[in-house]
1. With both partners inside the chain, how many of the DSSP beta bridges are antiparallel, as a percent to the nearest 5?
2. Beyond 23 Å, how much of the Cα-Cα pair distribution for region 1-127 remains, as a whole percent?
3. With every protein chain present, what is the per residue accessible area of region 250-307 (1.4 Å probe, Å²)?
4. Roll a 1.4 angstrom probe over the protein heavy atoms and tell me the percent of accessible area of the chain that is carbon or sulfur.
5. Under the 0.36 nm per residue contour assumption, what length would be gained going from the current alpha-carbon distance of S305 and N220 to full extension?
6. Dividing the convex hull volume of the Cα atoms of the chain by its residue count, what figure in Å³ per residue is obtained?
7. Per residue of the chain, what 222 nm ellipticity follows from adding -39500 (n - 2.57) for every DSSP H run with n ≥ 4, rounded to the nearest 500?
8. Using all Cα-Cα distances in region 157-307, what percent lands in each 10 angstrom bin from 0 up to the longest?
Amino acid sequence: MVNSKIRVGVIGLGYLGKFHFEKYRLNKSVNLTSIVDIDKKNLDLIDSTDIYKTTSFKDIIGKVDAVSIVTPTITHFSIAKYFLENKVHVLLEKPMTESVSEAKKLNVIAKKNRCILQIGHLEQFNPAIRKLKCQLKAPEFIEVHRLCEFNPRAIDVDVVLDLMIHDIDIVLSLIEKDIKKISVSGKKVITNLIDIANVRIEFEDNVVANLTASRISTKNERKMRIFLKNAYYSVDFMRNELKRLIKNKNNSFKTTSFQFKKSDSLNEEIKNFINTCYGREKSMTSGECGLKALIVAKKITRNLSKK
């Protein structure tokens, strides 16, 4: 791979998989060789004679060095395991796997075979979050609201694994402390799974994160507010905006706003994955990070099921 382009395949050509396909096709650092979907109709929609098409992911071994797996969560473990065991780098959409034990196994296999295992936590690539992480020190309280209009395409998992897991991942990257307590509340409204949830995570040293996620809102909103001693930050994920308010020594306040250009987080994620495969960068959403987020998300879903 040093003297030639990485050969890439996309597994799953549903709503999100088609975006993965487009990003790779435009990426000059890779050679998109293969696409996989169990529905031949999805394959036929791709008009390209130089790409190998198949309904079985096992057919592309030997044709790829790296893959994006964009399939239903229930299939993640078996497909990712197969490629990692065959020493193929994997970008795996979130949630990582159905169970924590499966996620742990994938990390072990990836490490053993020296493969990149990256998880699709897109919000880490939002420029406002990247700027925040360069500035933030010792947060004391984090408030998050992730509200979405109902979309029937993602109801194979509950709202915690569908939406909130993005914020769990970010919170864990901002607060590097042990969790003491998790309190939850949630309701099934439209689907047979939890559609709206509120979670309070209490960390050591009295640091708290309060997360709300809903997929039955009348509007789309993705905001995070971070409070710390003598300072306040707010992130608007949809507007790519970061605001900072700092208390000065004379007790006055200085407000600074950072407005970033509209970004393509999926493209940035894929670029990071490919550059990590080449050894040029470090994965921003590694399998270990995905595991940590999944452990917390699963604790939340278990607690919700007891309500």
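The values are calculated or read from the model by the stated rules, or taken from the named source; none is laboratory data. In this text the structure is predicted, and so the values were computed from the model without any measurement. Because the Cβ atoms are built from the backbone with ideal geometry, glycine has one as well, and the counts that use them run over all protein chains shown. We work out accessible area using only protein heavy atoms, side chains counted, and drop any ligands, DNA or RNA first. Shrake-Rupley method; radii C 1.70, N 1.55, O 1.52, S 1.80 Å.
1. Details: 42 of 70 bridges.
Antiparallel: roughly 60 percent of the beta bridges in the chain.
2. Working: 2191 of 8001 pairs.
Percent of Cα pairs beyond 23 Å in region 1-127: 27.
3. Working: 3440 Å² over 58 residues.
Accessible area per residue: 59 Å².
4. Details: 7680 of 15550 Å².
C and S fraction of accessible area: 49 percent.
5. On the way: separation 85, 0.36 × 85 = 30.60 nm, distance 2.60 nm.
The span from S305 to N220 would gain 28.0 nm if fully extended.
6. Numbers: hull volume 44.9 nm³, N = 307.
Cα convex hull per residue, to the nearest whole number: 146 Å³.
7. Details: 8 runs with 95 residues, N = 307.
Using -39500 (n - 2.57) per qualifying helix, the result is -9500 deg cm²/dmol.
8. 9, 31, 35, 21, 4, 0
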